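Below: the structure, in structure tokens.
The values are calculated or read from the model by the stated rules, or taken from the named source; none is laboratory data. Only a predicted model underlies this, so the values are computations on that prediction, with no experimental measurement involved. Every residue, glycine among them, receives a Cβ derived from its backbone with ideal geometry; neighbour counts consider all protein chains shown. We work out accessible area using only protein heavy atoms, side chains counted, and drop any ligands, DNA or RNA first. Shrake-Rupley method; radii C 1.70, N 1.55, O 1.52, S 1.80 Å.
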Amino acid sequence: MSRRSLTLLKNLARNSNASCIQTRSVTYMPRPGDGSPRAVTLIPGDGIGPLVTNAVEQVMEAMHAPIYFEKYDVQGEMSRVPAEVMESIRKNKVCLKGGLKTPVGGGVSSLNVQLRKELDLFASLVNCFNLPGLPTRHENVDIVVIRENTEGEYAGLEHEVVPGVVESLKVITKFCSERIAKYAFEYAYLNNRKKVTAVHKANIMKLADGLFLESCREVAKKYPGITYNEIIVDNCCMQLVAKPEQFDVMVTPNLYGNLVANTAAGIAGGTGVMPGGNVGADHAVFEQGASAGNVGKDSIVRENKANPVALLLSSAMMLRHLQFPSFADRLETAVKKVISEGKCRTKDLGGQSTTQEVVDAVIAKLE
């Protein structure tokens, strides 16, 4: 046999052996004890909240995920979040919650805003992206909206000066503006995102939004590898519905972020499939990304047809936050497979499936 033939046979054998070896990437190297079960505070909330949080509980149990829930009954009409609930969140540092109803008018403050303020959850993150198999008007949408969570108009700082005259205060500080800008650029840097867009109305609110922009510009200089640009909020909304694929990471003051996130969610497939979370230096609360305060129609609750996808994906974000990435990957993959197949979808996605049917389908796809 010629030398060339021997060389070919050796290469063939080497390639054959290599193809039999299954490789698995190292997601991360855990420290001793990282696999210990973690306690998570669970607030089912109002309306569809108990349905979708129960969906998460079932999937976590089916995956044997290393977490357990401390469940508390909280309603949006309470005057305050009970002290034992706040103590649990501070102890566990992580919370998963369903929607809490915020009464319109009447002087009752939002428990969602209370949670963000008391725990200093200064960054709200909503990921709006196309799900394979779910038809939408626009393709290639993958937007992360990062919104300042503790000040601005949305903070609810208002009072009646005299009967019939109300002052609603918009407070913007350099400290909070720099903090949220740094978080947005850090998120983009660590997640291989290429562009950060600051949303503002500095052409009218020259001092308040001007300070926000000034802070973003200062932080942007420290991240030369990331493209930075700015857009006025009204033009931003128009650009979102016309050409959303141009946006990557968006950083906004409090009120604008709520509007932009819901608009982006509607473009990418609806609020029922968009995950989100609120994070601070010490604590994190995960919930449906867009319209988290929208607890759903009574008919949806009666028919058990609430869409659990958004909270399931939010719980995957939570698992990654807790440094359980393989569990997060399994959950996200299973949810995406169910959506892609199209056999099990709730009414908001064009189907007639119940919440439980979607849960069962997701569990069946877990690997």
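How do the strands (runs of 3 or more DSSP E) wholly within the stretch 226-305 filter down when requiring 3 or more residues that are at pLDDT 90 or above and of a type in the set (A, V, I, L, M, F, W, C): which remain?
249-252, 284-288
For Lys93, state whether it is within 18 Å of the chain's Cα centre (by Cα) and of a type in the set (D, E, K, R).
Yes: the conditions hold for Lys93.
If you take the residues in the stretch 160-190 that are among the acidic types (Asp, Glu) and open to solvent by 70 Å² or more (accessible area, probe 1.4 Å), which one is modelled with the highest pLDDT?
The residue in question is Glu186.
Kindly provide the set of residues from the stretch 38-57 that are farther than 18 Å from His283 by Cβ and open to solvent by less than 50 Å² (accessible area, probe 1.4 Å), ordered by number.
Answer for the stretch 38-57, where residues must be farther than 18 Å from His283 by Cβ and open to solvent by less than 50 Å² (accessible area, probe 1.4 Å): Pro44, Asp46, Gly47, Ile48, Gly49, Leu51, Val52, Thr53, Ala55, Val56, Glu57.
Can you tell me which residues in the stretch 190-199 are over 18 Å from the mean Cα position of the chain (by Cα) and either farther than 17 Å from Gln246 by Cα or among the aliphatic types (A, V, I, L, M) (or both)?
Ala198, Val199
So in the stretch 308-351, with the set limited to residues that are outside any helix (DSSP H, G or I) and without any contact (Cβ under 8 Å) to a residue 40 or more places away in the chain, which one is least open to solvent (accessible area, probe 1.4 Å)?
Among residues in the stretch 308-351 that are outside any helix (DSSP H, G or I) and without any contact (Cβ under 8 Å) to a residue 40 or more places away in the chain, the one least open to solvent (accessible area, probe 1.4 Å) is Gly351.
Given (1) closer than 20 Å to Tyr28 by Cβ; (2) out of contact with any strand residue (DSSP E or B) (no Cβ under 8 Å at 6 or more places or on another chain), where does Ala364 come up short, assuming only one miss?
(1)
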